[in-house]
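For reference, the structure is listed below as structure tokens.
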Amino acid sequence: MVRKFLIVSLTLLLVISGIYILRTPVLRWFATSLIVEDPMQKVDAMVVLSGGGYDRGNEAVQIVHQGYTNKIICTGGNPVIELRVFNIDTLEADMTVANLKRQGIPDSLIVEIRDGTSTKEESKIILDYCKQNDLKKIMILSSKLHTHRVQEVFKKKLKQAGIEVVVRGAHNSRFDEMLWWQDEDGLIAVNNEWLKRFYYWYKY
């Protein structure tokens, strides 16, 4: 009886020790599994998805300066509720456009589509836009933690129309994606994205 207790206790201790030692790579896996990016390539246009207009807008500016595209399409029909405190009614697409202009991107390079309230809706909007404007290769820019789901949604839909998709992600300025568990914003972001992945897998 004593021997059994010792064996069980030792086994439990080894398991707990192993989990503790490997905690960082295990926790990082929850983020790295959400991040799937393509190599940088020249494209006909770059689409900056709604939400995160600051981080995604900043990344979009860098991509334009690096010469990968000369057209930025900003989507987003969701209102930015917090700004109503200042009596400002604006949409997510407006926020991204404002950030681009703040950093010197001219109107001639920007296309604003004030529509789309989800990744699924935006994929349909962008598909229609590509068909109407004969775009054959586009870049989809979202947050890094969204890139896996973005790939699944956009590549599946646009490939059928013969449109090549390059997916890229912008770093979040509020937390380090590789240390997401150390920050409340990171905890919320990773949790939400995993829930969305399961939801999209179940529904679509």
For residue 84, the lone unmet condition from (1) within 26 Å of residue 37 (Cα to Cα); (2) free of Cβ contacts under 8 Å to residues at least 40 places away in the same chain is (1)
Could you go through region 127-148 and let me know if any residue there is farther than 28 Å from residue 70 by Cβ, outside any loop (DSSP other than H, G, I, E, B), open to solvent by 80 Å² or more (accessible area, probe 1.4 Å) and not basic (Lys, Arg).
no
*Kindly check whether there is at least one residue in region 153-164 that is in contact (Cβ under 8 Å) with a residue 40 or more places away in the chain, within 18 Å of residue 32 (Cα to Cα) and either in contact with a Lys or Arg (Cβ under 9 Å, 6 or more places away or on another chain) or charged (D, E, K, R) (or both).*
no
Of the residues in region 82-108, those that are surrounded by fewer than 16 Cβ atoms within 10 Å (Cβ to Cβ) and of a type in the set (D, E, K, R) come to 82, 84, 89, 101, 102, 107
Sole miss for residue 79 among (1) free of Cβ contacts under 8 Å to residues at least 60 places away in the same chain; (2) surrounded by 17 or more Cβ atoms within 10 Å (Cβ to Cβ) is condition (2)
Test residue 111 against the stated conditions and say whether it is touching a strand residue (DSSP E or B) at 6+ places or on another chain (Cβ under 6 Å), outside any helix (DSSP H, G or I), of a type in the set (Val, Ile, Thr) and surrounded by 15 or more Cβ atoms within 10 Å (Cβ to Cβ).
yes
When residue 82 is run through (1) within 25 Å of residue 164 (Cβ to Cβ); (2) not in a loop (DSSP other than H, G, I, E, B), the failure sits at (1)
Going through (1) part of a loop (DSSP other than H, G, I, E, B); (2) closer than 27 Å to residue 152 by Cβ; (3) modelled with pLDDT under 95 one by one, residue 38 fails only at (3)
Residues in region 151-204 that are in a helix (DSSP H, G or I), open to solvent by less than 90 Å² (accessible area, probe 1.4 Å) and of a type in the set (A, V, I, L, M, F, W, C) total 12
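The values are calculated or read from the model by the stated rules, or taken from the named source; none is laboratory data. The structure presented is a predicted model; accordingly, all values stated were derived computationally and were not measured. Cβ sites come from the backbone with ideal geometry, for glycine too, and all protein chains shown count toward neighbours. Please note that ligands, DNA and RNA were not included when accessible areas were found on the heavy atoms of the full protein model with its side chains. Shrake-Rupley method; radii C 1.70, N 1.55, O 1.52, S 1.80 Å.
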